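Bear in mind these aren't lab numbers, they're just calculated from the coordinates by the rules spelled out. Computed from a predicted structure; not experimentally measured. Neighbour counts are summed over all protein chains in view; Cβ atoms, including those assigned to glycine, are modelled from backbone coordinates with ideal geometry.
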Amino acid sequence: MSKKMEIKKGIGVSPGYRIRRAFVLEEEDTTVPARFLSPKQDVESEIERFHEALKASIRDLEDLKQEIRKKLSPDLQEIFSVHQILLSDPAIRQKVEEKIRNHRCTAEYALTRTMRSYIRKFRSFRNNLFSNRSQDIRDLEKRVLRHLQGKKRKGINDLKEEVIVIAKDLLPSQTATFDKKHVVGFATDFGGKTSHTAILARAFGIPAVVGVGDLTAQVSNDDIVVIDGTNGLVILNPDEKTLKRYQQKERQHADFWNRLYTELKDLPCETLDGYEIKLWANIEVPQEVSLAVENGAEGVGLYRTEFLYLQSGKVPSEKEHLNAYLQALQELKGRPLVIRLLDMGADKYHHRSAPLQEKNPFLGCRSIRYLFEELDILKVQLRAILRASAHGDVRILLPMISSVEELEQAKTILEDIQEELHKQHLAFDENIKVGIMIEVPSAVLIADVLAQKVDFFSIGTNDLIQYTLAVDRVNEKVAFLYQPAHLSILRMLQHVVEVGKKNAIPVSICGEMSREMRYVLPLLGLGLTNISMTPVVIPEVKKIIRSTTLKEAKEVFEKILSFQTSEETEKFLETKIQQMVPDIFEVLQPTI
Ligand code: PEP
Ligand code: MG
């Protein structure tokens, strides 16, 4: 019987539509709830189901052994021979059968109970050899469970077809290492709009929805799933009608953006009354620069270098840093490259390494604080940035500065490195520009002091909103409170831009706010020097800017400062943008 269609609402974090089969990224810890057979269900068929799953698991292991023999070393296949022996053990088989017969429980539950009792026994041995065996048993349990639950073992790294990944949560490092050719969309149970996983999805142009709730519990591998990243919808097992509508939408969407891109590619980013504003790109990996330039970026306003670490899982050497920066500079052909120092911690860590054990990681040893603790990492990066500055317009961006002391400390370390390079006769730009992220409320309040000590400001609204409104940016439970149009945020933006003007330093914005259509007008009216955003949205933002005047944009900003709630502001901005660019608005509307 075909499954019923279900529409689930989440937070759309990367626009676009995809219809593909689901690939459920398994959780390490699968707990099987106690389930019992109904009076109509036959015990012997349940036992037969268990036998089939066992046979399939033993066959899997044989295949694995063959593969390992071919690809790796013959010795390693022994591990799986041991697994085969364990699975063929009549004692295990008998125990599971007894449980199904005596308690009328499901094969899954009987298997889990049996395997867990073995695990407990093995763990109680002091000898490492035995206690390590418990991991083998756990692995076997998961293998047989997969067959019982109809989930075939498929690795995320050996996908042969395009899929939509469904997961409880994804770390940025997991998203960064996805096989982009085959993972064409994803949806998660948890997460927020400006989590770094969401940012990466946008960078790679993968439609994504996060914070859907109990999605993983309801989707099985190979179910047909629709991802509507534009409207934050996930549709499970769509019916014929919905499927057709979304297939059309997927085609329409792609055609529209191609047309928009071709129309605007060679046109300047200026308002109808001739005011030019620069659109820069936020990038995570140097490979994104070519896409950014193609889309019309006039520079890179934020290079999030932590992905150099997250993708490889190790600390990069000076040479690796330098190569990445030189690659970006080469693609930029003279355009500026703003390199932000490593912003590690909080939600950015590698999935192979344990996260920093902090109760409040966003308020903890993150970013510049982490770099002061790990001076070697900081120095290696600064050396590479300075050396790259001999080859193009490179600027340094310091993340999460919250006090003058932090800024002074970072500048002193930079001077030390400059001296070191001098001594080694290594070339660098003596007048390299140094700017800071304005992303902590304290930095906003002392912006006038900080402005005298730096060359530019870049406002990071992703963090500024979370720290000002006390709303965790990755927590879907409070996502509704994460309000870029909150009056406090608008006032902060206005203040920082005014301070920048008074001190004659450029002020740009690089938070995700800049990529949302409805905020383009107020940001333009605010008087920023440039706006940096994820490359794929540049044509859309350019289209809006080319459809208005600076005068109108200023009026819009003034107007929203008079509203008391962000709801009023959002409504006003949405109507405005709908009137201004109805075609873009139409493409982004929900289908159901
Ligand atoms: C920000 O906080 O707005 C920002 C651009 O930095 P990130 O999203 O990497 O924290
Ligand atoms: Mg930030």
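Counting neighbouring beta carbons within 10 Å and listing from fewest to most, the residues D347, D266, D222 come out as D266, D222, D347. Distance from the alpha carbon centroid of segment 491-520 to that of segment 539-554 works out to 16 angstrom. Sequence-ordered 3J(HN,Hα) estimates for segment 378-393 from the Karplus curve with 6.51, -1.76 and 1.60 and θ = phi - 60° stand at 4, 5, 4, 5, 5, 4, 5, 5, 4, 5, 5, 5, 6, 10, x, 7 Hz, glycine and proline given as x.
Summing Lys and Arg as +1 and Asp and Glu as -1 over all other residues whose Cβ lies under 14 Å from the Cβ of T548 gives a net charge of +2.
Using the Cβ-Cβ distance between L375 and Q452 with R0 = 30 Å, the FRET efficiency computed as 1/(1 + (r/R0)^6) comes to roughly 0.70. Taking amide H as placed 1.01 Å from N in the peptide plane, the amide H of S14 sits under 5 Å from that of A208, each at least 5 places away or on another chain. Among the trypsin sites (Lys or Arg not before Pro) in segment 428-529, those located in a DSSP loop and surrounded by at most 15 other Cβ atoms within 10 Å of their own Cβ are K453. At full extension, D214 and H51 could sit 55.6 nm farther apart than now, given 0.36 nm per residue minus the alpha carbon distance. Listing K181, K571, K319, K576 from fewest to most neighbouring C-beta atoms within 10 Å gives K181, K319, K571, K576. Amide hydrogen proximity for K168: with H placed 1.01 Å from N in the peptide plane, the residues at 5 or more positions away or on another chain lying under 5 Å are D189.
Among the listed pairs K411/K433; K249/K543; K278/K501; K4/K168, a Cα-Cα separation exceeding 19 Å is found for K249/K543; K4/K168.
Computed FRET efficiency, Cβ-Cβ of Q149 and C365, R0 30 Å: what is it to the nearest 0.05? Could the numbers behind the result be given before it?
Numbers: r = 40 Å, r/R0 = 1.35.
Efficiency at R0 = 30 Å is approximately 0.15.
For L37, the residues whose amide H sits under 5 Å from its own are C105, T106, ignoring neighbours fewer than 5 places away on the same chain, with H placed 1.01 Å from N. Put in order of Cβ neighbour count within 10 Å, fewest first, the listed residues H147, H196 become H147, H196.
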